Each structure stands twice: as structure tokens, then as C-alpha cells.
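Here is the structure we will look at, set down as C-alpha cells.
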Amino acid sequence: MSATFIFPAASSSSSSYLSVVKHQTIRDTNTLTTNTIPSRRLDGGLSFTQHSHSTACVVDATRGPDFALQCNEATKERIRKLFHKVEFSVSSYDTAWVAMVPSPHSAKVPCFPECLHWVLHNQLEDGSWGLPHHQPLLLKDVLSSTLACVLALKRWGIGEQLISKGLRFIELNFASATDKDQYSPIGFDVIFPGMLEYAQHLSLKLHLESRVFNELLHKRAIQLTRSYDSSSLELNAYLAYVSEGMGELQDWKMVMKYQRKNGSLFNSPSTTAASLIHLHDSGCLDYLRGALKKFGNAVPTIYPINIHARLCMVDNLKKLGICRHFAVEIQNVLDETYRCWLQGEDEIFTSAGTCSMAFRILRGYGYNISSDPVAQFLEQEQCSGHLNDIYTMLDLYQALEMIIATDQPVSKKLNSSSLQSLIQRLSGEFYPPNGLTKQIHEQVDDVLKFPSHANLERVANRRNIKHYDVDNTRVLKTSYSSSNFGNKDFLTLAVEDFNLCQSIHRNELKQLERLDKLKFARERSAYCYFSAAATIFQPELSDARMSWAKNGVLTTVIDDFFDVGGSMEELNNLILLFKKWDVDVSTDCCSERVGIIFSALHSTISEIGDKASKWQARSVTRHITDIWLNLLNAMLREAEWARDMSVPTLDKYMANGYVSFALGPIVLPALYFVGPKLPDDVVKHPEYHSLFKLVSTCGRLLNDIRSFERESKDGKLNAVTLSVTHGNGRISEEAAIEGLSHRVEMQRKELLKLVLQREGSVVPSACKDLFWKMSKVLHQFYIKDDGFSSMGMANTVKAIIHEPITLNYLGDSKLITDYN
């Protein structure tokens with residue numbers, strides 16, 4: 001059963017604008033075509049594009065390296081150009097609301113006739129307005145955009161045939177307005193019924209199903225009642241944001257409390273236009289005039305968004321593992337964002353999403369900025385209703401992770417409820433997964449599952465490639481897209497780069513396996529190499545990877561030899577050989593095993609030392625031998641404790657244990673290969689030693705926490721058992737583990753603080769980053785066990801080193817990412 005609303009035709013006064021529109025149509029007819037906004041560079045570096053749809057494309061490596069290189073460079077150049085412009089889809093919905101604003105000089109003519117002209121020329125074939133080829137789950141959005149455009153035309157008494165087609169589309173799809181499977185734009189349950197009431201006021205003729213219509217009115221009444229009865233800042237902001245759906249019910253003075261420095265309400269053209277209709281505010285008028293000066297005859301759904309869009313580019317390029325190709329462009333974005341941060345730019349500090357992303361990215365690149373602005377959004381729950389989309393919640397969560405990791409005083413003020421609240425909002429309960437949001441939900445799951453301090457870069461890159469959405473349609477009050485958010489070129493380059501790096505990694509691993517002649521060691525070559533390839537994956541860092549991996553294999557051999565494989569005579573003999581260095585292996589070694597191990601150490605250290613000396617333009621071999629000698633002495637001390645059945649204090653154990661954990665030979669020589677020169681005074685600087693001690697202490701404690709049960713049975717020293725032993729019955733195993741875990745957390749935070757520190761730091765950033773990368777490796781490897789005994793890592797190792805990614809584009813941006 002349907003209810004029919006039949007109203008008289010428009011009054012004659014509303015048609016008085018017809019001549020104005022005809023004149024505008026003739027003047028702009030050569031620059032506009034139906035359903036198209038020209039993609040062009042506009043003042044301020046912002047341009048409009050309609051929704052992008054990919055054609056069939058296959059990443060094809062069969063046409064030779066020269067062709068691949070040409071394509072690669074062309075792709076990079078297209079991405080570079082995006083740093084200088086922001087391409088943003090036009091909003092039919094917002095443009096229609098701007099078109100409804102009357103002139104301040106006469107209520108009978110529009111203030112912005114160019115917007116009305118755009119509405120006249122951009123109806124789609126099916127009678128709707130909105131992004132062409134809209135997604136099936138966005139019918140509510142299309143209904144809202146179409147009704148807004150119909151209202152704009154009816155308001156000024158023009159486009160009768162367009163109105164009829166638009167009304168027909170609304171009638172045919174009206175049931176979708178209450179379909180729970182359809183994605184609801186923010187505020188839809190208030191705005192759409194409000195626009196239907198305005199349609200009635202304009203005497204529009206609609207044939208609507210009464211059940212659906214009544215359900216819409218009921219939901220709107222419930223939302224408004226709840227909002228009016230609440231003193232929540234979030235609900236007040238929500239009511240202000242959806243002002244165009246409130247009409248005469250709105251408290252417009254309350255709305256103006258949310259006006260920003262640029263004159264807008266929430267940087268939303270539609271909210272600002274609705275306010276201007278009712279209040280004739282000069283700030284609102286200037287904002288809309290400024291927007292149209294940039295964009296011509298239509299507006300986006302949010303403006304300005306330059307900072308946010310460019311930060312999204314930086315974030316996406318980093319997550320996809322290709323940011324190194326755009327170092328200059330990214331640095332420019334960071335410096336400009338930092339300048340805006342210091343100047344208190346409204347675009348940053350009035351948006352929870354932009355503020356959170358700017359903080360996380362700037363702090364992650366070592367900029368010294370306060371976390372207070374982000375903390376205010378979290379403390380006061382000012383992530384206003386209109387911004388409570390899943391993207392903003394994810395940005396806030398990741399910013400909170402950074403605060404917890406780097407800002408002890410602020411993180412203490414933000415109690416655990418802030419974190420739990422964000423986790424709850426990110427859950428499916430608040431944002432039910434569907435076809436439209438599948439990939440962002442997969443990103444959310446990854447962020448919640450893999451904490452940033454235990455997320456290996458190349459592993460994360462592969463997951464992000466899998467979940468990357470080239471369409472990336474987002475929805476506020478209406479849907480919008482941007483090639484700065486989702487871009488086929490980003491994904492194409494990421495896949496090509498991943499596969500290129502992976503082919504290099506496979507060859508390096510083969511070299512490493514050929515060199516592994518120490519048969520009594522556990523088979524750890526792949527894991528040792530994986531830990532390098534997953535963190536320092538760039539092709540130009542091959543020497544750093546091979547140094548890391550070769551020394552990693554040797555440390556496991558030495559660890560086994562000192563732990564169970566060698567006698568005390570052999571251990572002391574090995575150290576003596578090391579001190580002498582230039583020896584005759586055939587006569588100076590007390591056993592064949594010692595000879596094999598020393599020869600392997602000698603040849604590897606000499607090879608790495610020679611290469612590192614060339615990188616550094618000075619001899620560094622002596623430093624590398626000293627690193628190894630420190631490790632051997634620390635391991636000997638533990639062997640002597642075991643032989644004598646000594647029980648050292650926890651402090652004495654840890655003073656030796658952070659060295660015996662054997663990160664020195666893995667990390668420290670690799671620092672010579674990452675680019676910067678490391679003078680001897682830097683290598684001897686306390687900052688250098690602190691970085692090493694912090695990461696090594698984390699590793700020792702993580703290992704002991706995970707392996708204490710096994711090591712206790714074997715009678716081996718361990719930080720957990722020592723804590724219990726020296727606790728004299730007052731400390732349980734659980735309490736000891738909890739205390740040591742807290743110590744790991746504190747050491748990790750101190751490490752990250754040092755890594756990100758710029759002022760007063762003498763160790764180059766690229767070198768400091770390597771300590772943090774090792775910390776991530778440790779936290780990843782020790783999530784469940786000692787990192788080498790687990791079969792759970794096997795698939796990850798295969799995916800990073802052995803399995804290329806195949807990427808196909810099929811039809812309208814349908815993406816298939818296969819793992820061979």
C-alpha cells in the first residue's frame with residue numbers, strides 16, 4: 001500500500017529565474033558535458049575528478065626489463081604530479097545545497113547560479129545524481145543526492161523534465177531508504193526525511209510507500225529526541241552537522257558555535273549553505289564564494305582537505321613500501337604540514353582524523369610536536385558525530401598507539417578506557433562490514449592484530465598491498481573519492497617493487513645457503529635472512545642484509561657451541577684464537593670443530609670488514625672483531641656460571657645477558673652499510689651504546705620470558721627464574737613475568753624515544769632506525785615462542801621471500817590479488 005503526496009504545480013514566482021539560467025547555460029555550454037566535471041588543475045593545487053574506474057590491466061613482466069623500467073618511471077611520474085594537486089570527486093549533494101542559497105540581494109534568484117547550472121547538466125541516465133557507476137550498496141547516498149538536486153531545481157522553478165526523472169528514480173528506489181544492508185551516509189536518518197518535508201513544502205508530487213515513509217519519520221524522531229535529551233558534546237556537534245535536515249527545528253545560534261576560522265561549518269559546503277539560507281552569515285558566504293572561486297561551478301563534500309589528502313598519500317606510499325621513491329616530495333609534505341601545525345592551522349586542529357594522522361606521521365618522522373591536540377580529542381570525546389567514520393577512528397587509534405609508545409606523561413592521563421573505546425568503535429558492532437567497507441575492515445583487523453612495535457615492514461607491506469583499495473570510496477554525508485586516497489598507480493608500483501625486491505632477496509638467500517657449511521647448527525639461514533629482508537628490503541641495502549644475515553647465522557652457531565656443543569677447553573681456545581686473529585688453524589686449534597668455527601668467523605668478518613671499510617672510507621674491521629670478542633667473552637661467562645652452578649643476581653645476569661643475547665654482531669656491523677658515515681667518535685658515543693643496550697635488553701628479556709619453562713627444566717639461567725629465586729618466596733612466576741614484561745615495555749619506549757630524537761642526537765637517523773627495526777623483529781619472533789622453533793613463521797617467510805604477487809585489474813576496478 002502506498003501513500004501519495006499530490007501538491008499543486010510550482011507558483012509563478014519560482015519560475016522567475018528561468019531567463020538567468022538560460023543565459024548561464026549558453027555561456028558555459030562549451031566547458032561542461034553531462035555527468036562530467038573536467039579534471040583540471042585549479043588555484044591552490046586542487047582539482048575535481050569524477051569517480052575513477054580502471055580498465056583491464058595486468059602487471060606483465062614478460063615484455064622485458066626495459067619496457068618494465070619505462071612503465072615504472074611513467075608510473076612514478078604520475079604519482080609525483082599528485083603531490084602538487086589534490087584530485088577530488090564533485091559532490092552532487094553539496095552542490096545542490098549551495099545552489100539553493102538565495103542571493104543576499106533578492107530571495108527570488110540564486111546566490112550561486114553556476115551551481116544550479118551544474119545540477120542542470122549533470123543528471124545521470126537513470127534520473128539520479130551522484131558519482132557515475134555508483135556502488136550498489138550506496139543507494140541511500142544516491143537517493144539523498146538526487147532529492148537534493150530535485151529540490152534545488154524546484155526551488156528555482158526550472159528543469160521540469162529533470163525533476164520528473166529524478167522523482168521517478170526516488171520512487172523506484174525508495175525502499176532502499178530503510179534497507180539495513182545499504183550503507184547509510186552520516187546523518188541520513190535525519191537529513192533525508194527532512195528533505196522529504198521540504199519537498200512537501202515546495203509542493204513536489206511524490207508517490208511513496210507509506211510503510212517506508214513512516215519508518216523514516218520514526219527513526220528521525222528517535223534520533224532527534226535522543227539528541228535533544230543529551231548534553232553530549234558529540235551529539236550537539238552531530239545535530240549541527242546535519243543542519244540541512246533540521247529546517248525550522250534547528251537552533252541556528254547553536255550551530256554557529258561550530259563555525260571555523262574559514263567561515264565554514266565543519267568544512268562542509270552543505271552544512272554551511274543550509275546555515276547561510278537561514279542566517280545570512282557573511283563568513284559562510286565568503287567560505288562558499290572561496291570554494292567556488294577554486295572549483296568553478298561545483299563543490300566537493302569537504303573543503304579544505306589539501307593537508308589530509310597529501311598526508312594520506314604519504315601514509316599510503318609508506319604502507320605500500322614505495323615511499324623511498326618519493327623522498328623529496330614526502331619531505332616537502334612533512335615540512336609544510338609541520339609549518340601548518342606550528343601555525344595552528346584550522347584544517348589540522350578542527351579535524352580528529354587530520355590531527356591524528358598529522359601527529360602520527362610527523363612524530364614517526366622525528367618531528368618534535370606535542371600530542372596534546374590528539375589527547376584533547378580522546379579525553380573530551382570530541383571526535384564529533386559527523387567524524388565518527390571508520391577512517392577517523394582508525395587514525396585516532398594509530399595516533400594513540402604512538403602516544404602510548406612515545407609520550408609517557410600524556411599516555412598516563414589517557415586511561416585504558418580511551419583505548420578500549422576506540423577498539424569498540426572500530427569493531428563490527430559500530431561499523432558492520434559489507435562489500436563497500438571490506439578492505440578498510442581488513443586494514444582495521446591488521447592494525448588491531450599486529451601492534452606497530454611488532455610489525456615487520458615488508459610483512460606489513462604485503463598485507464597492505466592485499467587490502468589496498470584502488471577505489472577507496474568514502475562516505476560522510478555523501479560518498480566521495482580521490483586519486484590521492486586510492487590510486488591504481490600506487491598499487492601497480494607497489495606490486496612491481498615488491499616482486500623486484502623479492503627476486504633480489506631470493507638470490508641473496510641462495511648465496512647464504514651455499515655458504516652454510518656448519519652442519520651441526522640448527523637450520524636457521526632462512527629465518528636469519530628473513531629478519532633482514534623483512535626490515536631492510538631496499539635493493540641498494542644488499543650489503544647490509546647480507547652482513548645482518550651472515551652474522552645472524554654465525555651467532556646461532558656460536559650460541560649452540562657455547563651452550564651445549566663445546567667443552568670449556570674449546571671455548572677458551574676459540575677466544576684465544578680470536579685475540580690472536582692471525583693464526584695457523586692447522587696447529588693452533590684444539591679441535592676440528594674449533595677450526596671450522598674460527599675459520600668461518602675469520603673469513604666472514606674479514607669479508608664484511610673489507611666491504612664496510614670501503615663504504616666508510618676508513619678501516620672498521622677492528623671494531624667488528626671487538627664486537628665479536630665482547631660476545632664471546634659474555635658467552636664464556638655464562639658457560640662458567642653453568643659449570644660452577646653459580647646463581648648471579650638479576651642485575652649481574654642482565655649486565656652480561658644483554659651482550660650474550662648476540663645482537664651486537666648482527667646489528668652493529670650492518671650500520672656501516674645503510675648509507676651515512678659513522679666516524680669513530682660516533683661509534684664510541686654513549687647514544688650509540690644506549691641504543692644497542694636498550695634493544696639488546698628487550699631481546700634478552702623477551703627470550704627469557706618465552707623460554708623460561710624449557711630452560712628451567714634444563715637447569716639454565718633465566719631472568720624469570722632468577723627473579724623468583726632472589727624473591728625469597730615473595731615473587732611468583734606470574735609476578736616475575738609481569739614485572740619483566742613491564743621492563744620490556746619501558747625499555748622499548750625509551751628506545752623509540754632515542755630513535756625519534758633529533759635535537760642533540762649524533763647517531764644518524766638511518767642508523768638509529770636499524771635498532772628500531774631489530775626491536776620489531778624481536779617482538780614479532782617472540783610473540784609465541786623463541787622465534788626459531790615455531791612453524792607459524794614458515795608461511796610468512798615463504799610469502800616474503802619466495803611467493804611473488806600477481807595483480808590483475810578486471811572490468812570496473814575489480815581487483816584480484818593472487819599469491820602464487
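Could you list, in sequence order, all residues of the stretch 118-140 that are closer than 16 Å to VAL98 by Cα and at pLDDT 95 or above? Before the answer, list the steps.
Taking the stretch 118-140 and keeping what is closer than 16 Å to VAL98 by Cα, we get 118-122, 129-130.
Passing the criteria: TRP118, VAL119, LEU120, HIS121, ASN122, TRP129.
Residue by residue, here is whether (1) in contact with a Ser or Thr (Cβ under 9 Å, 6 or more places away or on another chain); (2) under 16 Å from LEU632 (Cα atoms); (3) among the hydroxyl-bearing types (Ser, Thr, Tyr) holds:
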{"site": "ARG524", "(1), (2), (3)": "yes, no, no"}
{"site": "TYR529", "(1), (2), (3)": "no, no, yes"}
{"site": "GLN538", "(1), (2), (3)": "no, no, no"}
{"site": "ALA544", "(1), (2), (3)": "no, no, no"}
{"site": "PHE578", "(1), (2), (3)": "yes, yes, no"}
{"site": "VAL583", "(1), (2), (3)": "no, no, no"}
{"site": "SER586", "(1), (2), (3)": "no, no, yes"}
{"site": "ALA600", "(1), (2), (3)": "no, yes, no"}
{"site": "ILE605", "(1), (2), (3)": "yes, yes, no"}
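Looking for whichever is within 14 Å of LEU554 (Cα to Cα) and open to solvent by less than 10 Å² (accessible area, probe 1.4 Å) here; the options are ILE666, ILE624. Which one fits? Explain how you work it out, then say what you get.
Working: ILE666 fails: open to solvent by less than 10 Å² (accessible area, probe 1.4 Å).
The match here is ILE624.
Being part of a loop (DSSP other than H, G, I, E, B) and either among the polar types (S, T, N, Q) or touching a strand residue (DSSP E or B) at 6+ places or on another chain (Cβ under 7 Å) (or both) is the filter here; which residues of the stretch 206-232 pass it? Let's see the steps before the verdict.
Just the residues of the stretch 206-232 that are part of a loop (DSSP other than H, G, I, E, B), to begin with: 229-232.
Selection gives SER230, SER231, SER232.
Looking only at the stretch 676-714, how many residues end up being among the small types (Gly, Ala, Ser), surrounded by fewer than 19 Cβ atoms within 10 Å (Cβ to Cβ) and closer than 19 Å to LYS776 by Cα? Break it down stepwise before answering.
First, the residues of the stretch 676-714 that are among the small types (Gly, Ala, Ser): 690, 696, 699, 707, 712.
Then drop every residue that is not surrounded by fewer than 19 Cβ atoms within 10 Å (Cβ to Cβ), which leaves 690, 712.
Filter again for closer than 19 Å to LYS776 by Cα, leaving 690.
Matching residues across the stretch 676-714 total 1.
Here's a check for you: in the stretch 734-759, which residue that is basic (Lys, Arg) and in a helix (DSSP H, G or I) is surrounded by the fewest Cβ atoms within 10 Å (Cβ to Cβ)? Break it down stepwise before answering.
Initial filter on the stretch 734-759 (basic (Lys, Arg)): 743, 748-749, 753, 758.
In the following step, the residues that additionally are in a helix (DSSP H, G or I) were identified as 743, 748-749, 753.
Details: ARG743: 16, ARG748: 23, LYS749: 18, LYS753: 14.
Among residues in the stretch 734-759 that are basic (Lys, Arg) and in a helix (DSSP H, G or I), the one surrounded by the fewest Cβ atoms within 10 Å (Cβ to Cβ) is LYS753.
If a residue must be open to solvent by 10 Å² or more (accessible area, probe 1.4 Å) and in a helix (DSSP H, G or I), how many such residues does the stretch 532-544 contain? Spell out the reasoning first.
Within the stretch 532-544, the first condition is being open to solvent by 10 Å² or more (accessible area, probe 1.4 Å), and the residues that meet it are 538-543.
Those still in the list that are in a helix (DSSP H, G or I) too: 539-543.
So the count comes out to 5.
For the stretch 84-102, enumerate the residues that are open to solvent by 10 Å² or more (accessible area, probe 1.4 Å) and modelled with pLDDT under 95.
Filtering the stretch 84-102 down to residues open to solvent by 10 Å² or more (accessible area, probe 1.4 Å) leaves 84-85, 87, 97, 102.
Of everything in the stretch 84-102, those that are open to solvent by 10 Å² or more (accessible area, probe 1.4 Å) and modelled with pLDDT under 95 turn out to be HIS84, LYS85, GLU87.
Is it the case that some residue within the stretch 113-120 is farther than 25 Å from THR473 by Cα and surrounded by fewer than 23 Cβ atoms within 10 Å (Cβ to Cβ)?
The answer is yes; a qualifying residue exists.
So ASP651 ticks every box in (1) surrounded by 15 or more Cβ atoms within 10 Å (Cβ to Cβ); (2) farther than 22 Å from THR625 by Cβ; (3) out of contact with any helix residue (DSSP H, G or I) (no Cβ under 6 Å at 6 or more places or on another chain) but one. Which box is left unticked?
Failing condition for ASP651: (1).
Is it the case that some residue within the stretch 640-651 is more than 27 Å from SER741 (Cα to Cα) and among the small types (Gly, Ala, Ser)? Give the steps one after another, and end with the answer.
From the stretch 640-651, those more than 27 Å from SER741 (Cα to Cα) are 640, 643-644; that's our starting set.
Subsequent filtering for residues that are among the small types (Gly, Ala, Ser) retains none.
No, the stretch 640-651 has no match at all.
Just one of the numbered conditions (1) modelled with pLDDT of 85 or more; (2) part of a loop (DSSP other than H, G, I, E, B) is not true of MET791; which one?
Result: MET791 fails condition (1) only.
For the stretch 82-176, which helices (runs of 4 or more DSSP H) that fit wholly inside it have 3 or more residues that are without any contact (Cβ under 8 Å) to a residue 24 or more places away in the chain and either over 39 Å from the mean Cα position of the chain (by Cα) or under 21 Å from PRO300 (Cα atoms) (or both)? Spell out the reasoning first.
On the way: elements: 92-99, 113-120, 139-155, 160-173.
The qualifying helices (runs of 4 or more DSSP H) are 160-173.
Which numbered condition trips up TRP252, out of (1) under 18 Å from SER483 (Cα atoms); (2) at pLDDT below 95; (3) open to solvent by 10 Å² or more (accessible area, probe 1.4 Å)?
TRP252 satisfies every listed condition except (1).
Looking only at the stretch 233-263, count how many residues are under 20 Å from ASP286 (Cβ atoms) and assigned to a loop (DSSP other than H, G, I, E, B).
4
Checking the structure you have, find out if any residue of the stretch 264-278 is open to solvent by 30 Å² or more (accessible area, probe 1.4 Å) and either closer than 25 Å to GLU379 by Cβ or part of a helix (DSSP H, G or I) (or both). Step through it out loud before you land on a result.
In the first step, residues of the stretch 264-278 are kept if they are open to solvent by 30 Å² or more (accessible area, probe 1.4 Å); the result is 277-278.
From what is left, the residues that are either closer than 25 Å to GLU379 by Cβ or part of a helix (DSSP H, G or I) (or both) are 277-278.
Among the residues of the stretch 264-278, at least one is open to solvent by 30 Å² or more (accessible area, probe 1.4 Å) and either closer than 25 Å to GLU379 by Cβ or part of a helix (DSSP H, G or I) (or both), which makes the answer yes.
Please work out if SER547 is hydroxyl-bearing (Ser, Thr, Tyr), more than 30 Å from ALA273 (Cα to Cα) and open to solvent by 30 Å² or more (accessible area, probe 1.4 Å). It would help to see each step written out before you state the result.
Numbers: hydroxyl-bearing (Ser, Thr, Tyr): yes; more than 30 Å from ALA273 (Cα to Cα): yes; open to solvent by 30 Å² or more (accessible area, probe 1.4 Å): no.
No; evaluated as a whole, the condition is false for this residue.
The values are calculated or read from the model by the stated rules, or taken from the named source; none is laboratory data. Just so we're clear, the structure is a prediction, and the values are computed from it rather than from any experiment. Here the Cβ is made from the backbone with ideal geometry for all residues, glycine too, and neighbour counts use every protein chain on show. For accessibility, only protein heavy atoms count, side chains too; no ligands or nucleic acids. Shrake-Rupley method; radii C 1.70, N 1.55, O 1.52, S 1.80 Å.
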